[in-house]
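The values are calculated or read from the model by the stated rules, or taken from the named source; none is laboratory data. All of these numbers come straight from a predicted model, not from anything done at the bench. Every residue, glycine as well, gets a Cβ built from its backbone with ideal geometry; the counts of neighbours run over all protein chains shown. For the accessible areas, the whole protein counts, side chains as well, though only heavy atoms, and no ligand, DNA or RNA atoms are used. Shrake-Rupley method; radii C 1.70, N 1.55, O 1.52, S 1.80 Å.
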Amino acid sequence: MRFFNYIAGQWLPSTSDRWFPNVNPADTRDVIGEFPRSNAEDIARACAAARQAFTRWSRIPAPRRGEIIRRAGDIFTRRKEELAAIMTREMGKPLFETRGDIQEAIDTAYYSATETRRLFGYNTPSELPNKMNLSFRMPLGVCGIITAWNFPIAVPSWKIFPALAAGNTIVWKPSDDAPHSAVIFAEILQEAGVPPGVFNIVHGDAEAGAALVEHPDVRVVAFTGSTATGTQIAARCGALNKKVSLEMGGKNAVIIMEDADLALAIEGVLWGAFGTTGQRCTATSRLILHAPIHDTFLGMLIERARALTLGSGLDEQTQVGPVINERQCKKILDYIHIGQQEGARLALGGNRRTEGELAHGYFIEPTIFTDVQPTMRIWREEIFGPVLSVAKAESFEHAIALANDSDYGLSSAIYTRSVEYAFAAMRDIEAGITYINAPTIGAEAHMAFGGIKNTGNGHREGGWTVFDIFTEWKTVYVDFSGRLQRAQIDTE
Ligand code: NAD
């Protein structure tokens with residue numbers, strides 16, 4: 001079956017007439033369909049449609065736009081089960097996780113719809129008499145959205161709904177590893193009443209993404225993906241003088257102190273490290289154990305991780321699904337090899353699993369390295385798979401130093417019953433997000449989301465802060481004195 005780009009409200013093939021297959025990573029015999037491998041010409045058509053639709057869309061009162069977005073949330077709710085199955089089939093994570101992915105988009109739709117009744121500006125006194133000063137938010141125009149595959153609906157929704165709420169139009173280049181979910185996103189917005197041209201999808205790979213970044217009509221690029229790609233895009237946006245928001249990689253640490261509730265911490269580490277097969281930007285990939293509980297906790301963790309059930313995400317019994325594709329499977333296995341060569345101790349896993357039905361997919365068993373040194377690559381580099389590196393900390397200060405010894409700064413967590421440790425960690429951990437007694441994953445739609453260091457470039461999605469990405473400020477001075485008043489000069 002062939003799927004198409006969505007441009008100006010129509011389903012169109014690429015002018016390139018090139019196609020790429022979308023394959024189930026749990027069973028590569030299962031081909032979902034072919035999608036257009038689009039080029040700069042397709043991007044130009046989509047940008048033209050978005051540009052043309054902008055004036056009308058941006059002048060619709062924001063709360064009316066909010067009603068359309070709220071309807072989209074309702075339709076996502078109605079189609080949740082069907083879409084969860086589609087998403088699991090194309091990118092592998094278990095159904096209970098894909099349902100959560102869609103729920104996050106539903107929450108974001110309702111949150112963004114509500115914000116259309118606020119989108120606050122402000123007014124302040126003027127320094128001159130009979131003059132009023134105010135500032136309000138304006139939409140930017142055409143937004144270029146480029147996303148990764150691991151949250152095919154949730155992550156795009158963090159950008160799409162607020163951008164639409166603020167009055168922008170969109171060209172979205174979804175990941176070529178999760179294009180089918182994007183098609184359903186378009187169907188839902190179409191049914192909700194988003195007018196033709198306001199929201200467009202152009203499928204493809206880096207070629208289409210790069211063309212979107214380059215296109216002169218695109219005023220802001222909102223990107224989620226790897227740090228390598230994001231940095232490249234930011235450099236182009238710098239040269240082209242475009243606004244750019246980056247959500248990139250992570251290497252997230254959890255600290256378990258000696259006074260922690262260890263049973264609770266086990267649940268958090270298992271979910272953080274092996275949920276979504278470790279393929280989350282917020283996945284727990286570094287575990288820092290306080291020396292007094294190091295051996296006990298590790299023993300408990302290995303036992304529980306060994307028992308996790310691998311399989312197709314469409315099977316309700318599955319706890320850990322496949323990794324996304326052959327390239328990523330090889331990369332993870334390479335890192336496991338690197339860890340062994342570097343001298344870390346492989347305490348669990350380390351292998352691709354190929355018995356029975358697993359032979360047809362990309363399955364890697366939950367893997368734990370101990371005795372990991374902060375200089376090792378498995379400690380420093382994002383692996384994006386079910387691989388957890390464990391280090392021992394002699395003290396609280398040592399644990400914080402280990403956590404902060406990273407080029408990334410997205411999520412973090414500490415398990416402790418001590419108020420002193422908890423508050424010091426909130427202050428001292430260098431990350432955009434810190435959880436106390438909870439895993440590194442679990443973002444909520446109405447809270448700012450993003451990271452520091454090589455994870456981001458200062459923007460935050462989620463919550464109020466996302467509107468800073470998708471709006472510009474207009475400042476207005478209204479002089480009703482009826483005479484020329486010169487600021488800074490007529491001071492008497
Ligand atoms: P990726 O960087 O390979 O690709 C991301 C997107 O960019 C894809 O749509 C891809 O086609 C496109 N792209 C690739 N090269 C491009 C170029 N030169 N110009 C324009 N577009 C280009 O990332 P991925 O493998 O799809 O996703 C995994 C990465 O995403 C991980 O690093 C993960 O941490 C990160 N991620 C971050 C967040 C976050 O919010 N911080 C969330 C999810 C995933």
Mean separation of Cα contacts under 8 Å (at least 6 apart) over the residue count of the range 1-80, i.e. the relative contact order in percent, is 25
Rounded to the nearest 10 degrees, the helix 95-115 long axis (Cα) sits at an angle to the longest Cα principal axis of the chain of 20
Within the chain, the percent of DSSP beta bridges that are antiparallel, given to the nearest 5, stands at 45
Scaled by the rule-of-thumb 2.2 N^0.38 Å, the alpha carbon Rg for the range 1-54 gives a ratio of 1.35
Within the range 1-63, DSSP-loop trypsin sites (Lys or Arg not before Pro) with at most 11 other C-beta atoms within 10 Å are Arg29
Note to self: with every protein chain in place and a 1.4 Å probe, the chain gives an accessible area per residue in Å² of 40
Per-residue accessible area, 1.4 Å probe, largest first, puts Leu308, Leu264 in the order Leu264, Leu308
Taking every alpha carbon pair in the range 267-307 and sorting the distances into 5 angstrom bins from 0 up to the bin holding the longest one, the percent per bin comes out as 6, 22, 29, 25, 12, 5, 0
Among Leu128, Pro94, Gly144, the residue whose Cα sits farthest towards the positive end of the charge dipole of the range 57-215, when +1 is placed on the Cβ of each Lys and Arg and -1 on the Cβ of each Asp and Glu, is Leu128
Dividing the mean separation of Cα pairs under 8 Å (6+ apart) by the residue count of the range 252-436 yields a relative contact order in percent of 28
Nearest-0.05 FRET efficiency for Thr28 and Glu67 at R0 = 41 Å, using Cβ-Cβ distance, is 0.45
Of the range 8-40, those with amide N under 17 Å from the point 7 Å along the Cα→Cβ vector of Arg56 are 8-11
Log10 I(q)/I(0) at q = 0.07, 0.11, 0.12, 0.13 Å⁻¹ for the chain, from Debye over equal alpha-carbon scatterers, is -0.40, -0.91, -1.06, -1.20
CD proxy, 222 nm, the chain: helix-only mean residue ellipticity via -39,500 (n - 2.57) per DSSP H run with n ≥ 4, per residue, nearest 500, stands at -12000 deg cm²/dmol
Rounded to the nearest 10 degrees, the helix 80-91 long axis (Cα) sits at an angle to the longest Cα principal axis of the chain of 60
Relative to the chain, whose Cα atoms define the longest principal axis, helix 419-428 and its Cα axis are tilted in degrees, nearest 10, by 60
Of all DSSP beta bridges having both residues in the range 252-436, the percent classed as antiparallel (nearest 5) is 20
Here the convex hull volume per residue of the range 252-436, taken over Cα atoms and given in Å³, is 107
With the 8 Å Cα cutoff and a minimum separation of six or more residues, the chain has a relative contact order in percent of 18
The Kirkwood hydrodynamic radius of the range 355-492, taken as the inverse of the mean 1/r over all distinct Cα pairs, in Å, comes to 19.4
The answer for the net charge of residues other than Asp176 whose Cβ lies under 14 angstrom from its Cβ, with Lys and Arg +1 and Asp and Glu -1, is -3
Given all pairs of distinct Cα atoms, the range 267-373 yields a Kirkwood Rh in Å of 14.5
Carbon/sulfur accessible area of the range 252-436, % of total, 1.4 Å probe, equals 49
Taking the chain, the lysine pairs whose C-alpha atoms sit under 19 Å apart (8 or more places apart or on different chains) add up to 15
